[in-house]
Amino acid sequence: MVSILSIVNAEQPKVIVALDFSNKSIALNFVEQINPALCRVKVGKELFTAAGPDFVRSLVKLGFDVFLDLKYHDIPNTVAGACCAAADLGVWMVNVHTLGGRRMLEAANNALAQRIGTRPLLIGVTVLTSMNRQDLNELGVLGEPQETVLRLAQISVDSGLDGVVCSAHEARQLRSLHGDQLRLVCPGVRPAGSVKDDQRRTMTPTEAILAGANDLVIGRPITRADNPIMVLKNIKSEIADIFST
Ligand code: C5P
């Protein structure tokens, strides 16, 4: 426990609130209830498609660290350009599908490195947690999903990515293999006592952090709460407690 905490101690884990809303006004309504001192925010494909880059710019202007979760997967040149366009929006973190391959990952990393201005963190998606062994085998990806996750995480490190999105259940092994070389961004986190929704294997914030998570992606337990600020404050103090012991 102590060694994991010393690895992530450089920056205490923070919550990234998944803004999984279908349109800009509902999203803005929610964002007005929270603040950048308590959390970061994630904009995914649904909200980005509905609300567009101007909405992302407005979140940045409000002071939020924005994780643009568009999971780019295309030829290297296109993904490199998309990552630079995301960086131009001022986002804090952007992600790509590692299944796009080494050349695509390197192109994204190099393009961000060569760009003038702040470089967003570049994160790889390994195996979608919605995919099981059978789904992967049908695509010709053989073996256990876990083996594929480890292989794709290694390619991410080799290609200069800052981290990967992973289930907190994969975090412990990735942390022990890669130490602090890899930022671990973990969804599927549920504060103790909250409903799991459609997430199957969840962990509490404390469990996820002790497993090695750097970032806790949490959506519905916060976005659907009567008092989102209260939920965020409780998680923040739970995290502070881990680091004060
Ligand atoms: O509402 P909830 O906390 O389940 O939201 C989790 C967020 O993390 C969603 O935006 C979901 O798309 C995302 N995510 C996930 N599992 C992954 C990758 C991303 O739940 N493996």
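The values are calculated or read from the model by the stated rules, or taken from the named source; none is laboratory data. Because the structure is a prediction, the values reported are computed rather than measured. Here the Cβ is made from the backbone with ideal geometry for all residues, glycine too, and neighbour counts use every protein chain on show. Ligands, DNA and RNA are excluded from the accessible area calculation, which covers all protein heavy atoms including side chains. Shrake-Rupley method; radii C 1.70, N 1.55, O 1.52, S 1.80 Å.
Can you say whether residue 226 is modelled with pLDDT of 95 or more, open to solvent by 30 Å² or more (accessible area, probe 1.4 Å) and either assigned to a loop (DSSP other than H, G, I, E, B) or of a type in the set (Phe, Trp, Tyr) (or both), as far as the supplied structure shows?
yes
Give segment 1-46 a look and list any residue that's open to solvent by 70 Å² or more (accessible area, probe 1.4 Å), at pLDDT 95 or above and under 17 Å from residue 171 (Cβ atoms), or say none.
Correct list: 14 only.
Considering only segment 191-221, how many residues are open to solvent by 10 Å² or more (accessible area, probe 1.4 Å), away from the ligand (no atom under 14 Å from the Cβ), touching a strand residue (DSSP E or B) at 6+ places or on another chain (Cβ under 9 Å) and not in a helix (DSSP H, G or I)?
The number of residues fulfilling the criteria is 1.
Find the strands (runs of 3 or more DSSP E) located wholly in segment 90-167 whose residues include 3 or more that are surrounded by 14 or more Cβ atoms within 10 Å (Cβ to Cβ) and among the aliphatic types (A, V, I, L, M), and list them.
Strands (runs of 3 or more DSSP E) meeting the threshold: 93-97, 121-125.
Taking residue 42 as the residue in question, decide whether it is within 28 Å of residue 142 (Cβ to Cβ) and assigned to a strand (DSSP E or B).
Considered against the rule, which asks whether it is within 28 Å of residue 142 (Cβ to Cβ) and assigned to a strand (DSSP E or B), residue 42 comes out as no.
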